[in-house]
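Engineer: Quick one: the structure is below, and I'll ask about it shortly.
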Amino acid sequence: MKIVIKIGTSSIKGQAESSANEELIEQVVEIVYQLKQIGHQVVIVSSGAVGLGCGRLGWTEKPKTITAKQAAAAVGQILLARVYEEFFQKYNQTIGQVLLTRIGMQNKEGYLNARLTLRELLLLGVVPIINENDVVADDEIKFSDNDYLSAVVSELIVAEHLFILTDTEGLFTEDPRQNPNAKLISVVEEINSEIEGQAGSNGSQWGTGGMSSKIQAAKMATSFGTTVHILSSQAPSKIIEILQGQKHGTTFLPRSTPINARKAWIACGASPKGKLIIDNGALAAISKGKSLLPVGIKKIIGKFGRGVVLEIYFEEEQNQQPRIVAKGITKYSSDDLRKIKGLPCEEIDNILGYSYGNSAIHRDDLAVIAN
């Protein structure tokens, strides 16, 4: 069984400004060793480089400029890798540092190379420690956060389970810090607008995510067929208990029919260049495996050409935050789509004077990540 364990910045950072939470890392390392002893292959996605680098540089707040973040990452990544190496050496376990960038996986060849490298490391018995290469990535080409990256890694290695360790016990009906009567949601069968609305949006001072980003990562990973668990970093030993059938934290059940490798690259390898807002009819159609037609498009956001990946959103009610439901490669530019949105296919040639086909995004180029 292949398992991904993701640890966030708020959990990784220790009490001292430039230190890591060595107690937590030691516990996770011990859990990984136990999992490997019973035949599992494990990958760790670890945040914390920027936070640790800031501490070593004497900065009391996370920097706001890209170059300062990159400098902090350069300093902190060495500190982070050293801590993992120290604890894994106690078990004579070899680890490998893997720093990924989204731009490196923009084309399918780069995506495949990342997959093959990770699989080779696992076959060799190595535990990959993965982080984004923040030293070279900027806001235009980076993954949104390491929650998202952990979902990408889950697809790359075809993981059965993704464990996201965080500073809460799981997903609650309300923010437990505000309402002590909030109830933990044990199992989520489908990530819908209600579940997304319960997630909130705020992360920690040092982290980039929050529960909202974890829900989006769970939505992505479950569409690949991975079972996702969000649980407290205070008790990483519960990972083994969950695999033995016990219930802890929040478990998100995987989709019964995972998307294929090409659509997985569309969903998480390529960087989106624009957005579409679709209507009820279009959502129903693409959920059944059909193409996205211009008639179902309500709004186009951004300026883009043909052949790029777009994010597709559904707005359940007016003035409500749209939720992402798919990604796909567009056959038409933003200028063309603005002219033909909401119109039947028969009108495309009349309006544009040419046609690239009836669909705005063909079903073969469409990765649906939520119903």
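The values are calculated or read from the model by the stated rules, or taken from the named source; none is laboratory data. Since the model is a prediction, treat every value here as computed from it, not as a measurement. Here the Cβ is made from the backbone with ideal geometry for all residues, glycine too, and neighbour counts use every protein chain on show.
Engineer: Considering only residues that are under 13 Å from Leu293 (Cβ atoms) and under 32 Å from the mean Cα position of the chain (by Cα), which ones fall in segment 338-355?
Structural biologist: Correct list: Lys341, Gly342.
Engineer: Would you confirm, using the coordinates I've provided, whether Lys303 is in contact with a Ser or Thr (Cβ under 9 Å, 6 or more places away or on another chain), of a type in the set (D, E, K, R), outside any strand (DSSP E or B) and free of Cβ contacts under 8 Å to residues at least 60 places away in the same chain?
Structural biologist: yes
Engineer: Another one. Would you mind telling me which numbered condition in (1) on the phi < 0 side of the Ramachandran plot; (2) at pLDDT below 90 Ile348 fails?
Structural biologist: With (1) on the phi < 0 side of the Ramachandran plot; (2) at pLDDT below 90 applied to Ile348, the lone miss is (2).
Engineer: Another one. Let me confirm something: among Leu337, Leu310, which residue is in a strand (DSSP E or B) and either over 30 Å from His229 (Cβ atoms) or assigned by TED's automatic domain parsing to the domain that holds Thr226 (or both)?
Structural biologist: Answer to the selection: Leu310.
Engineer: Tell me, please, whether a residue that is touching a helix residue (DSSP H, G or I) at 6+ places or on another chain (Cβ under 8 Å), under 30 Å from Ile7 (Cβ atoms) and of a type in the set (S, T, N, Q) can be found in segment 277-293.
Structural biologist: Taking every residue of segment 277-293 in turn, none turns out to be touching a helix residue (DSSP H, G or I) at 6+ places or on another chain (Cβ under 8 Å), under 30 Å from Ile7 (Cβ atoms) and of a type in the set (S, T, N, Q).
Engineer: Would you pick out the residues in segment 87-98 that are surrounded by 18 or more Cβ atoms within 10 Å (Cβ to Cβ) and closer than 21 Å to Gln70 by Cα?
Structural biologist: Val98
Engineer: Would you mind stating whether Gly281 is touching a residue at least 12 places away in the same chain (Cβ under 8 Å) and either in a loop (DSSP other than H, G, I, E, B) or surrounded by fewer than 18 Cβ atoms within 10 Å (Cβ to Cβ) (or both)?
Structural biologist: Yes.
Engineer: Show the residue pairs that are 6+ apart or on different chains and have beta-carbon atoms under 7 Å apart, the first residue being within segment 103-130 and crowded, with 17+ Cβ neighbours inside 10 Å, the second being part of a loop (DSSP other than H, G, I, E, B).
Structural biologist: Met105/Gly269; Tyr111/Gly269; Val126/Thr94; Val127/Gln93
Engineer: Answer yes or no: is there a residue in segment 55-71 that is more than 24 Å from Gly269 (Cβ to Cβ), among the aromatic types (Phe, Trp, Tyr) and either in the same structural domain as Ile242 (by TED's automatic domain parsing) or crowded, with 19+ Cβ neighbours inside 10 Å (or both).
Structural biologist: Within segment 55-71, one or more residues are more than 24 Å from Gly269 (Cβ to Cβ), among the aromatic types (Phe, Trp, Tyr) and either in the same structural domain as Ile242 (by TED's automatic domain parsing) or crowded, with 19+ Cβ neighbours inside 10 Å (or both).
Engineer: Can you pull out the residues in segment 237-264 that are in a loop (DSSP other than H, G, I, E, B), modelled with pLDDT under 85 and surrounded by 13 or more Cβ atoms within 10 Å (Cβ to Cβ)?
Structural biologist: Arg255, Pro258, Ile259
Engineer: Ok, one more. Is it the case, given these coordinates, that Val136 is surrounded by 15 or more Cβ atoms within 10 Å (Cβ to Cβ), more than 29 Å from Gln244 (Cα to Cα) and more than 15 Å from the chain's Cα centre (by Cα)?
Structural biologist: Yes.
Engineer: Next question. Answer yes or no: is there a residue in segment 28-47 that is hydrophobic (A, V, I, L, M, F, W, C), under 26 Å from Arg115 (Cβ atoms) and either modelled with pLDDT under 90 or in contact with a Lys or Arg (Cβ under 7 Å, 6 or more places away or on another chain) (or both).
Structural biologist: Yes.
Engineer: Could you count how many residues in segment 82-121 are out of contact with any strand residue (DSSP E or B) (no Cβ under 9 Å at 6 or more places or on another chain) and not in a helix (DSSP H, G or I)?
Structural biologist: 5
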